[in-house]
Amino acid sequence: MGNNKLTVISSQGIEQWNTYGKDLVDTFLKHWPTEIVLQLYTEDIDKFSLSSDRVNLKDLVKLAGNDYKNFIESVPNNSIWDRCKKFSKKAFSIIDALDNTNEGFLIWIDADVKTKKDIPLSMLENICPEDCLTAHLGLTQYIKKFDKRVYSSETGFFIINCEPPHKKYFLDEYRRSYVERDFEGLRKPFDAEVFARTIKKLEAQHGTKYKELSPDLNLLGPFRKSVLAEYMYHYKAKHKKKLV
(Lines give C-alpha, C1' and ligand atoms only; values in the text may rest on other atoms or scores of the structure.)
Protein backbone atom coordinates (compact mmCIF):
# COMPACT_ATOMS: atom_id res chain seq x y z
CA MET A 1 0.00 0.00 0.00
CA GLY A 2 3.00 2.24 0.34
CA ASN A 3 2.27 5.68 1.76
CA ASN A 4 -1.29 5.92 0.51
CA LYS A 5 -3.79 7.65 2.73
CA LEU A 6 -5.70 5.56 5.26
CA THR A 7 -9.25 6.59 6.22
CA VAL A 8 -10.67 4.77 9.28
CA ILE A 9 -14.40 4.78 10.03
CA SER A 10 -16.89 3.28 12.46
CA SER A 11 -20.42 4.00 13.71
CA GLN A 12 -22.35 3.78 16.96
CA GLY A 13 -25.18 5.36 18.89
CA ILE A 14 -25.02 6.74 22.40
CA GLU A 15 -26.45 3.49 23.83
CA GLN A 16 -23.60 1.56 22.25
CA TRP A 17 -21.15 4.14 23.55
CA ASN A 18 -22.39 3.71 27.09
CA THR A 19 -22.17 -0.09 27.01
CA TYR A 20 -19.16 -1.03 24.86
CA GLY A 21 -18.48 1.58 22.17
CA LYS A 22 -16.27 3.76 24.35
CA ASP A 23 -13.78 0.87 24.51
CA LEU A 24 -13.37 1.05 20.74
CA VAL A 25 -12.41 4.73 20.93
CA ASP A 26 -10.22 4.45 24.03
CA THR A 27 -8.21 1.54 22.62
CA PHE A 28 -8.01 3.20 19.19
CA LEU A 29 -6.49 6.29 20.77
CA LYS A 30 -4.07 4.18 22.80
CA HIS A 31 -2.88 1.71 20.16
CA TRP A 32 -3.43 3.05 16.63
CA PRO A 33 -0.82 5.23 14.89
CA THR A 34 -1.18 8.83 16.06
CA GLU A 35 -1.41 10.17 12.51
CA ILE A 36 -4.69 8.30 11.91
CA VAL A 37 -8.04 9.93 12.76
CA LEU A 38 -11.18 7.88 13.46
CA GLN A 39 -14.28 9.09 11.59
CA LEU A 40 -17.15 8.11 13.90
CA TYR A 41 -20.67 8.17 12.42
CA THR A 42 -23.66 8.48 14.75
CA GLU A 43 -27.35 9.37 14.79
CA ASP A 44 -26.86 10.80 18.29
CA ILE A 45 -24.29 13.47 17.54
CA ASP A 46 -25.75 15.94 20.06
CA LYS A 47 -25.39 13.38 22.86
CA PHE A 48 -21.67 12.77 22.43
CA SER A 49 -18.95 14.72 24.18
CA LEU A 50 -15.52 13.91 22.80
CA SER A 51 -12.45 16.07 23.17
CA SER A 52 -9.85 14.17 21.14
CA ASP A 53 -8.68 15.70 17.88
CA ARG A 54 -8.18 12.12 16.64
CA VAL A 55 -11.93 11.37 16.66
CA ASN A 56 -14.12 13.18 14.16
CA LEU A 57 -17.86 12.84 14.89
CA LYS A 58 -20.05 12.72 11.79
CA ASP A 59 -23.82 13.20 11.67
CA LEU A 60 -25.15 10.05 9.98
CA VAL A 61 -28.70 11.33 9.49
CA LYS A 62 -27.53 14.53 7.81
CA LEU A 63 -24.82 12.95 5.70
CA ALA A 64 -26.71 9.85 4.57
CA GLY A 65 -29.65 11.99 3.47
CA ASN A 66 -32.80 10.81 1.72
CA ASP A 67 -31.51 7.37 0.73
CA TYR A 68 -31.09 6.48 4.39
CA LYS A 69 -34.36 8.12 5.44
CA ASN A 70 -36.29 6.35 2.69
CA PHE A 71 -34.73 3.01 3.56
CA ILE A 72 -35.60 3.27 7.26
CA GLU A 73 -39.16 4.33 6.48
CA SER A 74 -39.81 1.74 3.79
CA VAL A 75 -38.76 -1.57 5.31
CA PRO A 76 -41.29 -3.62 7.34
CA ASN A 77 -41.45 -3.73 11.11
CA ASN A 78 -40.57 -7.20 12.38
CA SER A 79 -37.63 -8.79 14.13
CA ILE A 80 -35.50 -9.43 11.04
CA TRP A 81 -36.17 -6.05 9.46
CA ASP A 82 -35.69 -4.22 12.73
CA ARG A 83 -32.20 -5.71 12.83
CA CYS A 84 -31.76 -4.80 9.17
CA LYS A 85 -32.54 -1.17 10.06
CA LYS A 86 -29.99 -1.34 12.86
CA PHE A 87 -27.27 -2.72 10.59
CA SER A 88 -28.15 -0.24 7.85
CA LYS A 89 -26.60 2.51 9.98
CA LYS A 90 -23.31 0.78 9.28
CA ALA A 91 -24.06 0.41 5.59
CA PHE A 92 -24.98 4.04 5.04
CA SER A 93 -21.93 5.18 7.02
CA ILE A 94 -19.80 3.14 4.62
CA ILE A 95 -21.63 4.58 1.61
CA ASP A 96 -21.07 8.17 2.74
CA ALA A 97 -17.42 7.54 3.54
CA LEU A 98 -16.83 5.97 0.13
CA ASP A 99 -18.59 8.89 -1.55
CA ASN A 100 -16.00 11.16 0.06
CA THR A 101 -12.86 9.03 -0.19
CA ASN A 102 -11.22 9.12 -3.60
CA GLU A 103 -7.75 7.81 -2.88
CA GLY A 104 -5.95 5.37 -0.66
CA PHE A 105 -7.79 2.80 1.44
CA LEU A 106 -10.87 2.94 3.63
CA ILE A 107 -10.79 0.86 6.83
CA TRP A 108 -13.99 -0.11 8.64
CA ILE A 109 -13.90 -1.24 12.29
CA ASP A 110 -16.98 -2.29 14.30
CA ALA A 111 -17.99 -0.54 17.52
CA ASP A 112 -17.45 -3.78 19.46
CA VAL A 113 -13.82 -4.21 18.42
CA LYS A 114 -11.10 -3.50 21.00
CA THR A 115 -7.45 -3.01 20.12
CA LYS A 116 -5.14 -4.80 22.54
CA LYS A 117 -1.65 -3.78 21.41
CA ASP A 118 0.06 -1.13 19.32
CA ILE A 119 -0.62 -1.51 15.61
CA PRO A 120 2.33 -0.63 13.36
CA LEU A 121 1.48 1.77 10.56
CA SER A 122 3.29 -0.58 8.19
CA MET A 123 0.83 -3.38 9.05
CA LEU A 124 -2.14 -1.22 8.07
CA GLU A 125 -0.42 0.09 4.96
CA ASN A 126 0.39 -3.37 3.64
CA ILE A 127 -2.60 -5.49 4.66
CA CYS A 128 -4.46 -4.91 1.36
CA PRO A 129 -2.54 -5.40 -1.88
CA GLU A 130 -2.87 -2.54 -4.33
CA ASP A 131 -4.37 -4.80 -7.01
CA CYS A 132 -7.15 -5.99 -4.68
CA LEU A 133 -10.58 -4.45 -4.17
CA THR A 134 -10.75 -5.48 -0.51
CA ALA A 135 -9.02 -7.25 2.32
CA HIS A 136 -11.65 -8.89 4.50
CA LEU A 137 -12.69 -11.93 6.54
CA GLY A 138 -14.52 -14.35 4.29
CA LEU A 139 -16.32 -17.48 5.41
CA THR A 140 -18.55 -20.14 3.90
CA GLN A 141 -21.69 -21.46 5.56
CA TYR A 142 -24.15 -24.18 4.74
CA ILE A 143 -27.55 -22.52 4.38
CA LYS A 144 -30.38 -24.96 4.85
CA LYS A 145 -33.02 -22.98 2.95
CA PHE A 146 -30.69 -22.83 -0.08
CA ASP A 147 -29.35 -26.38 0.47
CA LYS A 148 -25.83 -25.27 -0.37
CA ARG A 149 -22.74 -23.61 1.03
CA VAL A 150 -22.77 -19.85 0.58
CA TYR A 151 -19.92 -17.35 0.69
CA SER A 152 -20.35 -14.78 3.44
CA SER A 153 -18.16 -12.45 5.48
CA GLU A 154 -17.39 -11.22 8.97
CA THR A 155 -17.39 -7.46 8.63
CA GLY A 156 -16.05 -6.40 12.02
CA PHE A 157 -12.99 -5.18 10.10
CA PHE A 158 -12.31 -4.76 6.41
CA ILE A 159 -10.43 -2.55 3.97
CA ILE A 160 -11.71 -1.18 0.66
CA ASN A 161 -9.36 0.05 -2.05
CA CYS A 162 -10.56 3.54 -3.03
CA GLU A 163 -8.33 3.91 -6.08
CA PRO A 164 -10.02 3.79 -9.52
CA PRO A 165 -11.73 1.70 -10.68
CA HIS A 166 -12.10 -0.35 -7.48
CA LYS A 167 -14.18 2.01 -5.37
CA LYS A 168 -16.72 2.85 -8.05
CA TYR A 169 -17.43 -0.82 -8.73
CA PHE A 170 -18.00 -1.53 -5.05
CA LEU A 171 -19.90 1.64 -4.19
CA ASP A 172 -22.30 1.43 -7.12
CA GLU A 173 -23.35 -2.14 -6.33
CA TYR A 174 -23.37 -1.79 -2.54
CA ARG A 175 -25.47 1.38 -2.71
CA ARG A 176 -27.82 -0.16 -5.26
CA SER A 177 -28.57 -3.05 -2.92
CA TYR A 178 -29.84 -0.65 -0.26
CA VAL A 179 -31.52 1.95 -2.46
CA GLU A 180 -33.43 -0.78 -4.32
CA ARG A 181 -33.78 -2.87 -1.13
CA ASP A 182 -32.45 -5.85 -3.07
CA PHE A 183 -31.70 -8.65 -0.64
CA GLU A 184 -32.77 -11.46 -2.95
CA GLY A 185 -30.84 -14.68 -2.36
CA LEU A 186 -29.30 -13.52 0.90
CA ARG A 187 -29.51 -15.51 4.10
CA LYS A 188 -30.49 -12.33 5.96
CA PRO A 189 -30.81 -8.69 4.82
CA PHE A 190 -27.74 -7.60 6.79
CA ASP A 191 -24.62 -5.67 5.86
CA ALA A 192 -22.24 -8.66 5.98
CA GLU A 193 -24.36 -10.56 3.47
CA VAL A 194 -24.60 -7.56 1.14
CA PHE A 195 -20.85 -7.06 1.43
CA ALA A 196 -20.10 -10.67 0.50
CA ARG A 197 -22.55 -10.67 -2.43
CA THR A 198 -21.02 -7.45 -3.72
CA ILE A 199 -17.51 -8.93 -3.58
CA LYS A 200 -18.52 -12.05 -5.49
CA LYS A 201 -20.58 -10.14 -8.05
CA LEU A 202 -17.67 -7.83 -8.86
CA GLU A 203 -15.32 -10.79 -9.07
CA ALA A 204 -17.59 -12.34 -11.69
CA GLN A 205 -18.28 -9.13 -13.62
CA HIS A 206 -14.92 -7.37 -13.49
CA GLY A 207 -12.43 -9.98 -12.35
CA THR A 208 -11.71 -7.97 -9.20
CA LYS A 209 -9.39 -9.59 -6.68
CA TYR A 210 -9.63 -9.64 -2.92
CA LYS A 211 -7.47 -10.81 -0.03
CA GLU A 212 -8.73 -13.19 2.64
CA LEU A 213 -7.55 -12.14 6.10
CA SER A 214 -8.40 -15.55 7.58
CA PRO A 215 -7.14 -18.66 5.79
CA ASP A 216 -9.92 -20.98 7.02
CA LEU A 217 -13.21 -20.10 5.33
CA ASN A 218 -15.04 -22.74 7.37
CA LEU A 219 -14.63 -20.82 10.62
CA LEU A 220 -17.81 -19.17 11.87
CA GLY A 221 -15.65 -16.77 13.89
CA PRO A 222 -12.74 -16.02 11.54
CA PHE A 223 -11.60 -12.86 13.33
CA ARG A 224 -9.88 -14.74 16.16
CA LYS A 225 -7.94 -16.92 13.69
CA SER A 226 -6.97 -14.10 11.33
CA VAL A 227 -3.94 -11.86 10.92
CA LEU A 228 -5.91 -9.30 12.97
CA ALA A 229 -6.04 -11.44 16.11
CA GLU A 230 -2.59 -10.35 17.30
CA TYR A 231 -3.83 -6.77 17.56
CA MET A 232 -7.60 -6.80 18.18
CA TYR A 233 -10.51 -8.59 19.81
CA HIS A 234 -13.97 -8.66 18.26
CA TYR A 235 -16.74 -9.18 20.78
CA LYS A 236 -20.39 -9.91 20.15
CA ALA A 237 -22.05 -6.61 21.00
CA LYS A 238 -24.52 -8.05 23.52
CA HIS A 239 -21.96 -10.39 25.07
CA LYS A 240 -18.80 -8.38 25.50
CA LYS A 241 -16.79 -11.30 26.79
CA LYS A 242 -17.67 -13.57 23.89
CA LEU A 243 -15.14 -13.42 21.09
CA VAL A 244 -16.11 -13.91 17.44
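The values are calculated or read from the model by the stated rules, or taken from the named source; none is laboratory data. Here the structure is a predicted model, which means the values were calculated and not measured. When we count neighbours, we look across all protein chains shown, and the Cβ atoms used for this are built from the backbone with ideal geometry, even at glycine. For the accessible areas, the whole protein counts, side chains as well, though only heavy atoms, and no ligand, DNA or RNA atoms are used. Shrake-Rupley method; radii C 1.70, N 1.55, O 1.52, S 1.80 Å.
Could you give the size of the charge dipole of the chain about its Cα centre, using +1 on the Cβ of each K and R and -1 on the Cβ of each D and E, expressed in debye and rounded to the nearest 20?
Charge dipole of the chain: 1000 debye, to the nearest 20.
For region 64-178, how big is the tail of P(r) above 21 Å, as a whole percent of Cα pairs? Don't skip to the end; give the middle numbers.
On the way: 3244 of 6555 pairs.
When every Cα pair of region 64-178 is considered, 49 percent fall beyond 21 Å.
Suppose R0 equals 41 Å. What FRET efficiency, 1/(1 + (r/R0)^6) with r the Cβ-Cβ distance, do Ser49 and Glu130 give to the nearest 0.05? Display every interim value, and only then the final one.
On the way: r = 39 Å, r/R0 = 0.95.
For R0 = 41 Å, the calculated efficiency reads 0.55.
For the chain, report the accessible area per residue in Å² (1.4 Å probe, heavy atoms, rounded to an integer).
On the way: 11750 Å² over 244 residues.
About 48 Å² of surface per residue is accessible.
Charges only on Cβ, +1 for Lys and Arg, -1 for Asp and Glu: so what's the dipole of region 28-118 about the Cα centre, in debye to the nearest 20? Please report the intermediate quantities before stating the final value.
Details: 14 positive and 15 negative charges, 80 e Å.
Dipole size: approximately 380 debye.
Using the 2.2 N^0.38 Å rule of thumb for compact globular proteins, work out how region 123-189 stacks up: its C-alpha Rg over that value, please. Write out the running numbers ahead of the final one.
Numbers: Rg = 14.2 Å, N = 67, 2.2 N^0.38 = 10.9 Å.
Compared with the compact-globule rule of thumb, region 123-189 sits at 1.31.
Semi-axes, largest first, in whole Å: what does sqrt of 5 times each Cα gyration tensor eigenvalue give for the chain?
On the way: eigenvalues 118, 98, 73 Å².
With the √(5λ) rule applied to the chain, the semi-axes are 24, 22, 19 Å.
Any idea what the dipole of region 107-244 comes to, in debye rounded to 20, about its Cα centre with Lys/Arg Cβ at +1 and Asp/Glu Cβ at -1? It would help to have the intermediate numbers written out before the result.
On the way: 26 positive and 20 negative charges, 164 e Å.
Rounded to the nearest 20 debye, it is 780 debye.
Could you sort the peptides 10-18, 213-221 by per-residue average Cβ neighbour count (10 Å cutoff), highest mean leading?
Values: 10-18: 19.2, 213-221: 15.4.
Per-residue mean Cβ counts within 10 Å order the peptides as 10-18, 213-221.
Taking square-rooted eigenvalues a ≥ b ≥ c of the alpha carbon gyration tensor, is region 1-75 rounded, prolate or oblate, where a/c under 1.5 means rounded and, failing that, a/b exceeding b/c means prolate?
oblate
So for the pair Phe146, Lys116, with labels modelled 7 Å out along Cα→Cβ, what separation do we get in nm?
In this crude spin-label approximation the distance works out to 3.2 nm.
I need the shape label for region 74-119. Rule: rounded when a/c is under 1.5, else prolate if a/b > b/c, else oblate, with a, b, c from the alpha carbon gyration tensor. Let's see the in-between values first.
Numbers: a/c = 6.09, a/b = 1.48, b/c = 4.12.
Oblate is the answer for region 74-119, as a/c is 1.5 or above yet b/c matches or exceeds a/b.
What number, in nm² with one decimal, is the all-direction average of the projected area of the convex hull of the alpha-carbon atoms of region 101-244? Mind dumping the intermediate values first?
Working: hull surface 36.7 nm².
Mean orientational projected area (region 101-244, Cα hull): 9.2 nm².
Placing +1 on the Cβ of each Lys and Arg and -1 on the Cβ of each Asp and Glu in the chain, which of Pro33, Ile72, Ile143 has its Cα farthest towards the positive end of the resulting dipole?
Ile143
I need the peptides 60-67, 85-92 ranked by packing, meaning the mean over residues of other C-beta atoms within 10 angstrom, with the highest value on top.
Numbers: 60-67: 15.6, 85-92: 19.8.
Highest-to-lowest ranking by the protection proxy: 85-92, 60-67.
In region 40-175, what percent of the accessible surface is made up of carbon and sulfur (1.4 Å probe, ligands and nucleic acids excluded)?
The C+S portion of the solvent-accessible surface of region 40-175 is 47 percent.
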